[in-house]
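Bear in mind these aren't lab numbers, they're just calculated from the coordinates by the rules spelled out. Note that the structure is predicted; figures quoted are calculated from it, not measured. Neighbour counts run over all protein chains shown; Cβ positions are idealised from the backbone, glycine included.
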Amino acid sequence: MLRFDVSVVPTRAVMLQKHYAEVTAKFVKFQRPADFDGKLAHVKHLLEEIEERLSCLEIASIEPDDIQNQLDQCMVTTLGR
C-alpha cells in the first residue's frame, strides 16, 4: 500500500499554480499579434526602400570636394530638398 503525505498537497498546489501563471504569462507575451502580417509587410517595404538608396552611401572618390558633393546629393535624395 502506498503512503501519501497530505501535508505536501497545499505546497505542491501553490507551486503548480505559480508554474501555470508563469507559463500563461509567457504564452501571452510571445503570442503573434493580430496585425503582425501588416506590420511585417510595412517594415519589409521600408527596408527595400532603404536598400535601394544605399548606393548613394558608396564613396566614389576620396577627394573632399567629391565627397561633399555626394553628401549633398544624398541629403537632397533623403530630405527631398
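Scanning the chain for chymotrypsin sites (Phe, Trp or Tyr not before Pro) in DSSP loops with at most 10 other Cβ atoms within 10 Å, what's the longest stretch left with none? Here the longest run is 31-81. Dipole magnitude for the chain: about 1280 debye, using +1 per Lys or Arg Cβ and -1 per Asp or Glu Cβ, origin at the Cα centre. Across all Cα pairs in the chain, the calculated P(r) in 10 Å bins from zero up to the longest distance comes to 13, 19, 15, 13, 12, 10, 8, 6, 3, 0 percent per bin. Positive end of the dipole of the chain (Cβ unit charges, origin at the Cα centre): among ILE62, ALA21, THR77, the Cα lying farthest that way belongs to ALA21. Membrane-span-like helices in the chain, defined here as complete DSSP H runs extending at least 27 Å along the helix axis by their C-alpha atoms with mean Kyte-Doolittle hydropathy no lower than -1.0, are 9-29; this is a sequence and geometry rule, not a statement about a membrane.
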